[in-house]
Amino acid sequence: MSLSTLTMQCNSSGWSSPSRGSEFGVVSYDWSNAKDQWAAMKPMDCEERLQRQAHMTKKRNPSSKVFVYRNLVKALPWFSSVREKLDDARYSSWFLHFDTSKKPSAYHVPPCALENSTKCSIFYHDQEQTPEVPTPDKPHPDGKCTQGNCDCGFHPCGEYLFDHRNGSQLRQWIVDSLINGPAGLGDKNIDGFFIDDYWCSNLLCQRDPTIAGCPCDDPVQGPTEVEPHSQLDMGLSDEDVRDLTLAWNKTMEAAQRAILKSQGYTWSLIKNQENANASPEELKADSCFEQLREACNATSKWQNHPMLFGVQHNGSNMTQFNQDLAFFLLARGKYSWLGWGTWGMTWPFNAEPAHGELPPLPHGVPRPPQLDLDYGMPLEICHEEERGVFKRSWTKAEIQLDCNNFVAKIDMEELDYDKS
């Protein structure tokens, strides 16, 4: 069972616990992991620290699958491989530029470094979640630079943007370096990625509202999680945004194919996790019947697609763990993972003041021992034994969930977890 658990971890103050991470079948490390450390480096070394975190985790449990962060929308200069291209004028066409017909004072984001007005860039960039030099007005920025400057190379620190209309040259570099490079799947300690952000086009959404990501509200059309006036600051037309969205889709397809070819995996290939989603399916007491009747169908998404399941909680308290575990064992298909029931599925290891949402426990929420038991292999798909009572036989356990009374029962060869 432990190999079917998943978490995304981020300890911005330093390393995430490799011991805790190695308890999970899949542990994915976010770019802000160890941010206080890499933001202070000269130059910044987020990419290498993600790689080091993967090494520490694999060393403790080689069976754990370790994923690291990538972004194919934003060209983040705290990644060494990206910074190298940003700093090389030969690759200027790989990145979107500010609209030079406007005065810099008309931009909605500063083109120059906040701590050094002479360090400027022609490439568009915002400062969302960007490390800064602490000031009296802002003593605790999202990542503290040291010695009075932030070192992201030749250009100011910020979130730059790839121009995927460049075509095959940029796309091939992304596949060869960001995906399959020595800090990616070229390292045996890295098994896959969480690939963040996406492009969204109003023109495409108007033509087909069912496209993943529509409507464009994160926060507006264009690149997601970027200052909402980026289209104006870059002088992009709606047609430009459409073309960039289509080109980004081609890059994502190439990246996903390359990942699979290299025996890796990515969150975005999991059902309903397209476009940088990380939101698990959760069991609801008032829809227990409907959810299990759908799942206990051989043609359902549950049986035929990789799926994420979440453990319901109220703060740090798991409110229906036994039902959630029974639901997972009843409904899961060949490839499914169970984790904390929140976006990102971050299991709360320990209190992290920068996040402010984790429980005040020395070592966070312990993993229930049931997550480390061996239930064997399923002998059948689940079925409705009687109205509202769903069952499934495994080689080492009998699983039952009574939706009428919302009571779960897991009978094992030697252990009986009969809890309501």
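Using a 4.7 Å cut-off between beta carbons, which cysteines in the chain end up with no partner cysteine at all?
C10, C46, each lacking another Cys Cβ under 4.7 Å.
Any idea which of C46, S80, S64 is furthest toward the positive side of the dipole for segment 40-82, if Lys and Arg beta-carbons carry +1 and Asp and Glu beta-carbons -1?
Working it through, the farthest residue towards the positive pole turns out to be S64.
Charges at C-beta only: +1 for Lys and Arg, -1 for Asp and Glu. How large is the resulting dipole of segment 64-174 about its Cα centre, in Debye rounded to 20?
On the way: 13 positive and 13 negative charges, 78 e Å.
With Lys and Arg at +1 and Asp and Glu at -1, about 380 debye.
Rank by packing, highest mean first: peptides 286-298, 65-77, 141-153, with packing defined as the count of other Cβ atoms within 10 Å averaged across residues. The partial results should precede the final answer.
Details: 286-298: 15.8, 65-77: 24.5, 141-153: 18.2.
For the peptides 286-298, 65-77, 141-153, the packing ranking is 65-77, 141-153, 286-298.
For the chain, give me the percentage of DSSP beta bridges that are antiparallel, rounded to the nearest 5 percent.
Details: 31 of 55 bridges.
Of those bridges, close to 55 percent are antiparallel.
Per residue, how much accessible area does segment 245-388 have with a 1.4 Å probe, in Å²?
Numbers: 6810 Å² over 144 residues.
With the other protein chains kept in place, segment 245-388 gives 47 Å² per residue.
List the relative contact order of segment 56-197 as a percent without decimals, with contacts defined as Cα pairs under 8 Å and 6+ residues apart. The partial results should precede the final answer.
On the way: 203 pairs, mean separation 49.9, N = 142.
Relative contact order here is 35 percent.
Which residues in segment 274-309 place their backbone N less than 14 Å from a point set 7 Å from the Cα of H383 along the Cα-to-Cβ direction?
Inside the label zone: 296-298.
Cα gyration tensor of segment 100-250, axes a ≥ b ≥ c as square roots of the eigenvalues: rounded (a/c below 1.5), prolate (a/b > b/c) or oblate? All intermediate terms of the calculation are to be shown ahead of the outcome.
On the way: a/c = 1.83, a/b = 1.20, b/c = 1.52.
Oblate is the answer for segment 100-250, as a/c is 1.5 or above yet b/c matches or exceeds a/b.
Among W15, I270, G153, whose Cα sits farthest toward the positive end of the charge dipole of the chain (+1 at Cβ of Lys/Arg, -1 at Cβ of Asp/Glu, about the Cα centre)?
G153
Counting Lys and Arg as +1 and Asp and Glu as -1, each charge on the Cβ, what is the dipole of segment 79-123 about the Cα centre in debye, to the nearest 20?
Working: 6 positive and 5 negative charges, 23 e Å.
It comes to approximately 120 debye.
Pull up the cross-link candidates among the lysines for K284, meaning alpha carbon to alpha carbon under 18 Å and not fewer than 8 places away within one chain.
Reachable lysines: K301, K391, K409, K419.
Roll a 1.4 Å probe over the protein chains and send me the accessible area per residue for segment 1-90 in Å². Mind showing how you got there, number by number?
Working: 2860 Å² over 90 residues.
Accessible surface, normalised per residue, equals 32 Å².
For segment 107-182, what are the per-bin percents of Cα-Cα distances with bins 10 Å wide, up to the bin holding the maximum?
17, 39, 29, 14, 1
Remind me, relative contact order of segment 202-321 in percent, using alpha carbon pairs under 8 angstrom and six or more residues apart?
Numbers: 88 pairs, mean separation 18.9, N = 120.
With pairs under 8 Å counted, the relative contact order is 16 percent.
Could you give the size of the charge dipole of the chain about its Cα centre, using +1 on the Cβ of each K and R and -1 on the Cβ of each D and E, expressed in debye and rounded to the nearest 20? Could the numbers behind the result be given before it?
Details: 40 positive and 57 negative charges, 212 e Å.
Roughly 1020 debye for the chain.
How far apart, in nanometres, would the label points at N297 and A89 be if each is projected 7 angstrom from Cα along the Cα-to-Cβ direction?
6.2 nm
Using only alpha carbon pairs under 8 Å that are at least six residues apart, calculate the relative contact order of the chain and give it in whole percent. Don't jump to the answer; show the numbers that get you there.
Values: 865 pairs, mean separation 57.3, N = 420.
In percent, rounded to a whole number, it is 14.
If you average over every viewing direction, what projected area does the convex hull of the Cα atoms of segment 50-120 give, in nm²? Display every interim value, and only then the final one.
Numbers: hull surface 29.0 nm².
Dividing the Cα hull surface by four gives the mean projection, 7.3 nm².
Quick one: work out Rg over Rh on the C-alpha atoms of segment 1-147, Rh as Kirkwood radius. Before the final figure, lay out the partial values.
Details: Rg = 18.0 Å, Rh = 17.1 Å.
Radius of gyration relative to Kirkwood radius: 1.05.
Can you compute the helix-only [θ] at 222 nm over the chain? Use -39500 (n - 2.57) per DSSP H run of at least 4 residues, normalise by all residues, nearest 500 deg cm²/dmol. Don't jump to the answer; show the numbers that get you there.
Working: 11 runs with 94 residues, N = 420.
So the helix-based figure for the chain works out to -6000 deg cm²/dmol.
Can you return the lysines within cross-link range of K250? Criterion is Cα-Cα under 16 Å, with same-chain partners fewer than 8 residues away left out.
Straight-distance partners of K250: K74.
Of V311, I174, Q400, whose Cα points farthest to the positive end of the dipole of the chain (charges on the beta-carbon: +1 Lys, Arg; -1 Asp, Glu; origin at the Cα centre)?
Projecting each Cα onto the dipole axis, the largest value belongs to I174.
Would you mind telling me the share, in percent, of accessible area of the chain contributed by carbon and sulfur at probe 1.4 angstrom? Spell out each step's value before the answer.
Working: 9030 of 18430 Å².
Here it works out to 49 percent.
The values are calculated or read from the model by the stated rules, or taken from the named source; none is laboratory data. Every value quoted in this text rests on a predicted model; they were computed, and no experiment measured them. Positions of Cβ are backbone-derived with ideal geometry, glycine not excepted, and every protein chain shown enters the neighbour counts. Side chains are part of the model used for accessible areas, which takes the heavy atoms of the whole protein and leaves out ligands, DNA and RNA. Shrake-Rupley method; radii C 1.70, N 1.55, O 1.52, S 1.80 Å.
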